[in-house]
Amino acid sequence: MTERTKSPATVSIPDATATVDATLVATPAAGPESKADGGAATLDAEAAKAAALAEVEEARVDALTRLAEAERKAGVAAYAKGERAARQGRLTAGGHFTLNVRLRLEAGLKDRSVATKACEAAILPYATEQVDVNQLIRAWWAHRLLTAADGVDVADPRAKDVADPARVKAAADLPWGHWKAAYTLLTHQADFGTATEHYTLLPGLEAECRAVFDATVEAGESTKGTTEQCQALVRTLANRQAEATRQAALAKQRAADDAQQAAADAEEGRKEADAKAKEADAAVKAAERAEKEAADEKAREAARQEAEVKRQEAAKARAAADHARFQAEQAARDKGRARTEANQASRLATEAEAKKASEDRKAEKAAAKGSGDKPAPRPPVDPSEPRINPEGLKDVAPDDVAAMLEAIVAGHSKPALVVEYLLGRLCSRKDVERLFPDGTIAADALLAFGDLTDAAAEAAKAKATKPAAKPAA
């Protein structure tokens, strides 16, 4: 039997009929002398009875109301006590599981999931629902980071006395749903799966995270409202990261273009140096011929000296040509390295853009779920973007078609949406969401394409436009 936290005081509830009957019995009966006024006396008795009934009924309703209110308060107090205990138990368990995983990683465990699955298996006999240990760990880190004193390093989970008592007290009555669904969004993994793994607040938005936490706690915001504010910060971070990676990709692209121009200039210098070396060699041969054809000693000496000068000039020209050739080769290597870095930066920018689009879609779905409306449809693809004619690719080799598609996707202004729409056409939306539950559809798919240089793209297009060879009879 469940025991109530507080037992309300017993309230005596009067019986209205019994009380009124007792009052009437105590009233003396009317004598013969008053029979003349019998009608008036009867009316007065009925009125007195009705008034007494109303008064007693009012007292009874008041007593029941006070009893119901006392039961309501007792129920709320009992539920709040249980909720606080459950929340505190989950947060404390998350702290212990954090240390368990950290210590096992320090002991040499390679697969982090082994530790978390062992914790989940140990919880199973005591849980009424499926328990996610990673969620408990993340919630504990969220509580530790958001209630920590300003300027305190909390990266080591074993560090003590890092909390701000005022923040801890203010957050004492927060429901578990706030930590589970909202405040965990403000955490960021660091050194995940290593012996130094820990969490931080969203990079570059630490002050904003604390401000949202303080504001939602002070305002008593609901779980839904708190989650929306936390999601707004997550979208802000995604936008910043997407912009930063885009700028980095642009910088890498500019560096690749500069390297390409430097390589072209170095190649031009090499060609000029080779031409001068050839001219110097021809001059040496002409001087040697003149030396042999000189008629007298003085003429032969002059021709010999001139030939020596020409040989020295030719040696210098060959040295200059060798240096120019080295510079051209170095420039070509720099060009290749810059192009590789530009491609990597472009992929990172695509991943950041896909993550940003994923966060936007999650926000749209959450907003639509809250309002009952359907999410806004995505804008159609720009008709000015490059398209292909499927009729002309029927007989083209599959690898050439794949290379051509790769070049088209890589050159599109919105490659992430291209890949996502392509996957949506090849399989159902449920299959796409099952394969890519975190929304990084385009980023994962684009990584599978690999790199394709401009020359290879042009070659692929050229091969794709060639007519297919007719089969032999």
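Overview of values
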| quantity | calculated |
| --- | --- |
| Per DSSP, loop chymotrypsin sites (Phe, Trp or Tyr not before Pro) in region 163-242 with at most 12 further Cβ within 10 Å | Phe192 |
| Loop-located GluC sites (Glu not before Pro) in region 80-162 whose Cβ has at most 13 other Cβ within 10 Å (DSSP) | Glu129 |
| Ranking of Ile137, Ile408 by count of other Cβ atoms within 10 Å, fewest first | Ile408, Ile137 |
| Calculated FRET efficiency for the pair Glu129/Thr65, C-beta based, R₀ 35 Å, to 0.05 | 0.40 |
| FRET efficiency, 1/(1 + (r/R0)^6) with R0 51 Å, evaluated for Arg333 and Ser222 via beta carbons | 0.30 |
| Counted charge near Asp164, where neighbours are those whose Cβ lies closer than 12 Å (Asp, Glu -1; Lys, Arg +1) | +1 |
| Fewest-first sequence of Cys119, Cys209 by Cβ atoms within 10 Å of each Cβ | Cys119, Cys209 |
| Per-bin percent of Cα-Cα distances, region 118-240 [5 Å] | 2, 10, 20, 22, 20, 14, 8, 2, 0 |
| Spin-label pair Gln189/Gln312, simplified geometry with 7 Å Cα→Cβ offset, distance in nm | 7.0 nm |
| Proximal charge balance of Asp150 [Cβ under 13 Å; K/R count +1, D/E count -1] | -2 |
| Ranked list, fewest to most other Cβ atoms within 10 Å of each Cβ, for His323, His198 | His323, His198 |
| Gained length - Asp258 relative to Gln305, 0.36 nm times residue gap less alpha-carbon distance | 12.4 nm |
| Cα-Cα over 20 Å, subset of Lys81/Lys169; Lys81/Lys117; Lys117/Lys355; Lys278/Lys316; Lys110/Lys356; Lys180/Lys362 | Lys81/Lys117; Lys117/Lys355; Lys110/Lys356 |
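Here, each number is a calculation from the coordinates, and none is a lab measurement. Keep in mind the model is a prediction, meaning the values are calculated, not measured. Backbone-built Cβ (ideal geometry, glycine too); neighbour counts: all protein chains shown.
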